[in-house]
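The values are calculated or read from the model by the stated rules, or taken from the named source; none is laboratory data. From a predicted model like this one, the values you see are computed outputs, not experimental measurements. Every residue, glycine among them, receives a Cβ derived from its backbone with ideal geometry; neighbour counts consider all protein chains shown.
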Amino acid sequence: MPTSVISIIILAAVVVLFLLDKFPNGVVAMAGLMAMLVFKCCSTADAMSGFASDIFLLVFGMLIMGEAMFSSGAAGFIGYYAVKLSANNERRFILISCLISAALSAFLTNTAVIAMMMAICLAVSESSENMKYRNLVIPVAIAAILGGHCTMAGSTTQLTTQGLLEAASGETFGMWDLGKVCLPITLVTILYMTYVGYGTGKKIWGSRTDEADTKSVNKVEIKEVKLSKEGAKTLAIFGLVILLFVTGWTSSGVAAVIGAVLVVVTGCVGWKKALSHMDWNTLVWLSACLGLGKALSSSGGSALIGNWMLGIVGEGAAPIVLFAAMVAIAMLMSQFMSNMACLIVILPGTLEMVISRGLSPYTFAYGMCLGAALTYLTPLANGHIGMTASAGYKFSDYVRYSFVPTIIAYVMIVGLTPLFYSLAA
């Protein structure tokens with residue numbers, strides 16, 4: 001049996017195990033990677049390339065930076081001023097907290113920011129009769145997901161996409177490229193959630209009396225306090241890392257690790273604490289998924305998938321129709337499975353297909369990345385939106401509340417991306 005077919009079979013098995021959710025995603029991805037090596041679908045260097053990549057360094061560094069925000073008291077400080085600016089008005093708090101969530105997520109991991117903002121929302125709701133935890137949580141989580149995809153530093157989805165794109169065409173995203181489309185989507189969606197979605201949410205769950213399960217939510221104290229020395233140092237180091245991102249003096253991964261080293265050596269967070277709170281599953285999962293994508297490409301499996309997809313959409317489909325269809329497929333699949341798993345399945349084949357048609361792999365990867373990432377229609381869409389389940393939302397709550405934001409994202413991705421990046425190669 002050719003290795004191209006074997007690699008597709010292994011990938012299919014990995015996706016099924018992802019969906020069953022019986023084992024940690026990192027373990028499943030590593031098992032798939034080892035199977036690729038056993039059946040000689042790729043070289044060891046290709047399989048393990050994700051663990052030696054700048055992407056690994058970026059996620060590692062920003063996870064430590066996120067932990068420092070909690071440990072140093074910077075999270076509580078930010079929460080206090082969000083409450084102060086909102087003047088105890090729930091709608092205004094949603095607007096301010098969504099903007100803060102999106103801004104932080106552009107540089108910190110979504111998981112860290114959502115955990116921090118959920119803790120702030122819980123503290124606010126417990127201290128004010130005007131604030132209801134359930135009204136606050138979904139908006140700040142969606143804002144974090146959106147903000148996290150405005151830069152290359154905010155989430156793992158774009159890093160996975162870049163790895164697959166680089167393997168297929170040698171192209172890579174710039175640090176700020178995704179923001180050209182995602183930033184307008186973020187602002188429009190935040191305005192929608194503040195002025196329209198607010199009322200929609202209250203109609204959906206406002207009358208329910210079921211209690212939220214907040215045992216898993218970190219606790220922060222929202223009170224008037226001076227920023228501690230550690231908190232001030234954390235924010236200053238965070239600013240330095242952003243400066244390095246902006247100037248491009250170092251790679252993004254190196255900049256993130258510089259920040260991680262600085263928050264540890266300056267006492268903002270303990271080394272043992274940082275390691276013990278590290279999301280190793282995500283790190284291993286991301287790196288192994290990059291290896292799986294490389295193996296699929298090296299073995300010829302992605303070319304087979306590309307030919308199959310081309311047969312479905314038709315060789316004569318107009319580029320914009322093809323682009324809209326692939327974004328829709330990525331967005332639909334990612335509502336029910338990990339966005340990284342979705343991209344590993346469909347992106348390599350899509351890139352092979354568009355290259356063969358003389359279209360731009362960069363533009364298609366760009367649109368499909370955002371399509372797979374901006375998913376919040378179900379709690380299964382990604383681990384980030386799933387974190388909000390502790391607020392007591394029902395499955396149907398996500399669908400009803402997030403339907404319009406999902407449509408906004410899709411229309412703007414399909415409409416704006418070709419304006420910035422040509423569909424032709």
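The criterion of at least 1 residues that are of a type in the set (Gly, Ala, Ser) and within 13 Å of the chain's Cα centre (by Cα) is met by the following helices (runs of 4 or more DSSP H) wholly inside the stretch 330-421: 339-356, 361-373, 383-386. The set of residues from the stretch 94-119 being among the β-branched types (Val, Ile, Thr) and modelled with pLDDT of 80 or more comprises 94, 96, 100, 113, 114. For the stretch 190-218, the candidate set comprises residues that are buried (at least 18 other Cβ atoms within 10 Å of the Cβ) and closer than 18 Å to residue 387 by Cβ; within that set, the residue that is modelled with the highest pLDDT is 193.
Could you list, in sequence order, all residues of the stretch 252-275 that are surrounded by 16 or more Cβ atoms within 10 Å (Cβ to Cβ) and in a loop (DSSP other than H, G, I, E, B)? Scanning the stretch 252-275 gives 266, 268, 269. Out of curiosity, is residue 76 of a type in the set (Gly, Ala, Ser), buried (at least 23 other Cβ atoms within 10 Å of the Cβ) and on the phi < 0 side of the Ramachandran plot? Against the criterion (of a type in the set (Gly, Ala, Ser), buried (at least 23 other Cβ atoms within 10 Å of the Cβ) and on the phi < 0 side of the Ramachandran plot), residue 76 qualifies.
Residues of the stretch 60-78 that are in contact with a helix residue (DSSP H, G or I) (Cβ under 6 Å, 6 or more places away or on another chain) and among the aliphatic types (A, V, I, L, M): 62, 64, 65, 68, 69, 74, 75. Counting only residues that are in contact (Cβ under 8 Å) with a residue 60 or more places away in the chain and over 28 Å from residue 318 (Cβ atoms), which one in the stretch 397-420 is surrounded by the fewest Cβ atoms within 10 Å (Cβ to Cβ)? The residue in question is 400.
Condition check: out of contact with any Lys or Arg (no Cβ under 9 Å at 6 or more places or on another chain), in a helix (DSSP H, G or I), modelled with pLDDT of 85 or more and within 23 Å of residue 411 (Cα to Cα). Does residue 320 satisfy that? It is true that residue 320 is out of contact with any Lys or Arg (no Cβ under 9 Å at 6 or more places or on another chain), in a helix (DSSP H, G or I), modelled with pLDDT of 85 or more and within 23 Å of residue 411 (Cα to Cα).
Taken together, the residues in the stretch 85-125 that are under 30 Å from residue 159 (Cα atoms) and not in a helix (DSSP H, G or I) amount to 4.
For the stretch 342-351, the criterion of a residue being within 15 Å of residue 421 (Cα to Cα), of a type outside the set (D, E, K, R) and buried (at least 21 other Cβ atoms within 10 Å of the Cβ) is satisfied by no position. The number of residues in the stretch 168-184 that are under 26 Å from residue 136 (Cα atoms) and buried (at least 23 other Cβ atoms within 10 Å of the Cβ) comes to 2.
Among the criteria (1) surrounded by 24 or more Cβ atoms within 10 Å (Cβ to Cβ); (2) closer than 22 Å to residue 178 by Cα, the one residue 100 does not fulfil is (1).
Give the residue that is farthest from residue 400 (Cα to Cα), with candidates limited to residues of the stretch 169-210 that are of a type in the set (D, E, K, R) and either touching a residue at least 12 places away in the same chain (Cβ under 8 Å) or in a loop (DSSP other than H, G, I, E, B) (or both). The qualifying residue farthest from residue 400 (Cα to Cα) is 171.
Quick check on the stretch 39-52. Is at least one of its residues in contact with a helix residue (DSSP H, G or I) (Cβ under 9 Å, 6 or more places away or on another chain), at pLDDT below 85 and of a type in the set (S, T, N, Q)? Among the residues of the stretch 39-52, at least one is in contact with a helix residue (DSSP H, G or I) (Cβ under 9 Å, 6 or more places away or on another chain), at pLDDT below 85 and of a type in the set (S, T, N, Q), which makes the answer yes. When 151, 160 are checked against the criterion of being closer than 20 Å to residue 56 by Cβ, of a type outside the set (A, V, I, L, M, F, W, C) and not in a helix (DSSP H, G or I), a single residue qualifies: 151.
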